[in-house]
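For reference, the structure discussed in these notes is given below.
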Amino acid sequence: MNPLLQKLQPYPFERLRKLFEGVTPNPAHQPISLGIGEPKHPTPDFIKQTLAAALHDPASDFTAYPPTAGTPALRAAFTGWLQRRYGLTLDPSTQVLPVNGTREALFAFAQTVIDPTADAGRSPPGRPKASSALLEELGGSEPHAVGSVGAPYVVCPNPFYQIYEGAALLAGATPYYAPSDPKRNFAVDWDSVPDDVWQRTQLLYVCSPGNPTGAVMPLDEWRKLFALSDRYGFIIASDECYSEIYFRDEPPLGGLEAATRLGRSFERLVAFTSLSKRSNVPGLRSGFAMGDAALLKAFLLYRTYHGSAMAPPTQAASIAAWGDEAHVVANREQYRAKFARVTPILAEVLDVALPDAGFYLWAGVRRVCGGDDAAFARELLAQYNVTVLPGSYLAREANKLNPGQGRIRMALVAETAECEEAARRIVQFVQSHK
């Protein structure tokens with residue numbers, strides 16, 4: 001048995017189930033869950049119809065193995081969307097790669113680029129040895145950076161999507177958690193990461209719009225991270241799966257877009273996105289990676305061995321989804337209307353405000369239940385049959401601080417009326433605890 005599996009922590013929803021053991025929700029209220037970030041808006045009919053039609057298309061015959069790199073039409077759909085959304089021109093044959101949702105891709109990417117033998121000695125210029133050798137063989141180039149001897153680090157935000165942590169641990173690296181600052185719109189405090197950690201960092205995970213905070217990284221933050229990557233040679237993996245649900249007039253800045261604005265290439269940068277939130281198809285398991293061609297060539301090699309090809313009907317449905325924006329606009333407007341109604345209700349009793357983007361509210365509960373977010377979630381379920389996720393379950397204690405403590409995450413994925421009803425119950429709950 002792989003001993004690294006023992007390092008994995010229980011997933012937040014496993015902890016939530018354990019927290020709720022022995023709780024009998026108040027039967028006077030119908031259950032409402034704001035706990036899981038799973039889109040509940042209907043999947044557009046044209047996507048389902050395209051998927052069904054592809055099942056009868058001779059080109060989708062299941063007797064053939066689909067290519068891991070996807071069809072030229074699928075890759076062209078990716079680059080066409082990138083051109084329309086960000087004004088970017090990418091090579092569909094080398095700079096994009098289909099993935100089966102961002103979760104599996106973000107995990108697998110770490111297995112591709114991390115060199116777990118770094119503690120045996122690593123020489124400049126600092127890129128992980130395993131990926132350096134592979135990239136050299138594939139025709140990639142090395143960054144100019146300072147090398148370091150020691151166990152490799154993977155740096156990620158705190159709070160964070162737990163896949164980052166698991167990917168780091170199973171790749172043989174050590175996670176390092178950079179806290180978000182609620183006084184700066186939950187921007188990650190990258191300056192708090194010590195120099196000796198950056199020297200041994202091989203991979204940095206960023207998430208913009210952030211989960212759970214909804215914060216969007218501005219251009220200056222990207223400039224800082226690119227400068228750090230240039231200095232230390234680490235790779236940046238940008239999780240952008242919430243990019244199409246936003247509340248400002250201007251859409252969120254993407255990592256590749258930021259690099260282009262700053263006059264950079266995509267070296268040491270790979271971004272990930274999917275259809276799950278954008279098109280309400282989490283069950284389709286469809287997305288793509290984009291960026292550094294050398295890294296994607298290495299990633300394709302890994303994925304070929306791992307068996308990560310996308311089924312032809314899924315490719316057909318994905319092409320249709322990436323090619324249509326009308327359903328995305330309608331979906332976004334539904335979230336905007338919902339957040340506009342729900343956020344003011346909750347703001348009466350909780351420390352919460354409209355986020356930049358995403359479909360979560362990241363609310364402070366320090367004035368209720370003694371600031372114990374787990375106790376808040378447990379008592380809320382018992383008394384009002386509403387499920388929320390304790391913020392401390394989405395973060396780790398680092399430097400004697402868990403930045404999720406005293407907060408809850410609420411996923412406003414259900415219909416507006418149901419979310420409003422949940423908000424009113426939360427208000428009653430908080431007022432009853434004053």
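The values are calculated or read from the model by the stated rules, or taken from the named source; none is laboratory data. Just so it is clear, the model here is predicted, and its values are computed rather than measured. Note that we place each Cβ from the backbone using ideal geometry, even for glycine, and neighbour counts take in every protein chain shown.
Filter the range 13-50 for residues that are closer than 17 Å to Lys277 by Cα and aliphatic (A, V, I, L, M) and give the result. I'd like the intermediate steps shown before the answer.
Step one: filter the range 13-50 for residues closer than 17 Å to Lys277 by Cα, giving 34-48.
If the condition is that a residue be closer than 17 Å to Lys277 by Cα and aliphatic (A, V, I, L, M), then Leu34, Ile36, Ile47 are the ones that fit.
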Run down Ser286, Ser265, Ser276 and say which single residue is surrounded by fewer than 24 Cβ atoms within 10 Å (Cβ to Cβ), under 19 Å from the mean Cα position of the chain (by Cα) and not hydrophobic (A, V, I, L, M, F, W, C). Ser276
Count - residues of the range 386-434 that are in contact with a Gly (Cβ under 7 Å, 6 or more places away or on another chain) and small (Gly, Ala, Ser): 6
Return the pair list, or none, for Cβ contacts closer than 7 Å from residues in the range 46-61 that are of a type in the set (Ser, Thr, Tyr) to residues that are part of a helix (DSSP H, G or I), at least 6 apart or on different chains. Thr50/Ala316; Thr50/Ala317; Thr50/Ala320; Ser60/Ala54; Ser60/Pro312; Ser60/Pro313; Ser60/Ala316
Return yes when Ser131 is modelled with pLDDT under 95 and not in a loop (DSSP other than H, G, I, E, B) and no when it is not. yes
Taking the range 173-219 and keeping residues within 17 Å of Glu240 (Cα to Cα) and either of a type in the set (A, V, I, L, M) or part of a strand (DSSP E or B) (or both) leaves Ala187, Val188, Leu203, Leu204, Tyr205, Val206, Cys207, Ala215, Val216, Met217, Leu219
Please tell me if Ser243 is part of a loop (DSSP other than H, G, I, E, B), touching an Asp or Glu at 6+ places or on another chain (Cβ under 9 Å) and closer than 17 Å to Leu106 by Cα. no
Which listed residue is out of contact with any Pro (no Cβ under 7 Å at 6 or more places or on another chain), buried (at least 20 other Cβ atoms within 10 Å of the Cβ) and not β-branched (Val, Ile, Thr), from Tyr161, Tyr242, Tyr246: Tyr161
Looking at the range 295-312 only, could you name the residues that are under 20 Å from the mean Cα position of the chain (by Cα) and either part of a helix (DSSP H, G or I) or within 12 Å of Gln111 (Cα to Cα) (or both)? Leu295, Leu296, Phe299, Arg303
Checking the structure you have, find out if any residue of the range 50-73 is modelled with pLDDT of 95 or more and in contact with a strand residue (DSSP E or B) (Cβ under 6 Å, 6 or more places away or on another chain). yes
What are the pairs with Cβ atoms under 8 angstrom where one residue, in the range 364-385, is modelled with pLDDT of 90 or more and the other, located anywhere, is among the acidic types (Asp, Glu) and surrounded by 19 or more Cβ atoms within 10 Å (Cβ to Cβ)? Sequence gap at least six, or different chains. Val365/Asp373
Looking at Ala340, Ala374 in this structure, which one is buried (at least 17 other Cβ atoms within 10 Å of the Cβ), of a type in the set (A, V, I, L, M) and not in a strand (DSSP E or B)? Ala374
